[in-house]
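First the structure, in the form of structure tokens, and then the observations on it.
The values are calculated or read from the model by the stated rules, or taken from the named source; none is laboratory data. What you see is a predicted model, and the numbers here were worked out from it, not measured in a lab. Every residue, glycine among them, receives a Cβ derived from its backbone with ideal geometry; neighbour counts consider all protein chains shown.
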């Protein structure tokens, strides 16, 4: 592979296009956590991952109940809030589950 082809491939892998499923749906951050923390058989990779998934699921149910009464709340914002509450705040200059080339300004500007 030539250098310019590699650079194009890396840019594509870290772009929003790469976040889409084959059906054309965007993969949200909670879905990405589920996908990346399960074994091929569908079970959680570790007991800690299972515990975090359970907390994420509980928080999501809580927020979806609130969102059903308030149409101004977006699912993307809910996912971000849930992840922050369960896993803690983002590290400086990084966004969880988005790779090393995505910074908070790039990611969160798109959802606001």
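For this structure, a couple of remarks:
- Residue match in region 12-26 (condition: part of a helix (DSSP H, G or I) and at pLDDT 70 or above): no
- For the condition out of contact with any helix residue (DSSP H, G or I) (no Cβ under 9 Å at 6 or more places or on another chain), closer than 30 Å to residue 7 by Cα and modelled with pLDDT of 70 or more, residue 105 qualifies.
- Of all residues in region 77-92 being touching a helix residue (DSSP H, G or I) at 6+ places or on another chain (Cβ under 9 Å) and surrounded by fewer than 15 Cβ atoms within 10 Å (Cβ to Cβ), the one that is modelled with the lowest pLDDT: 92
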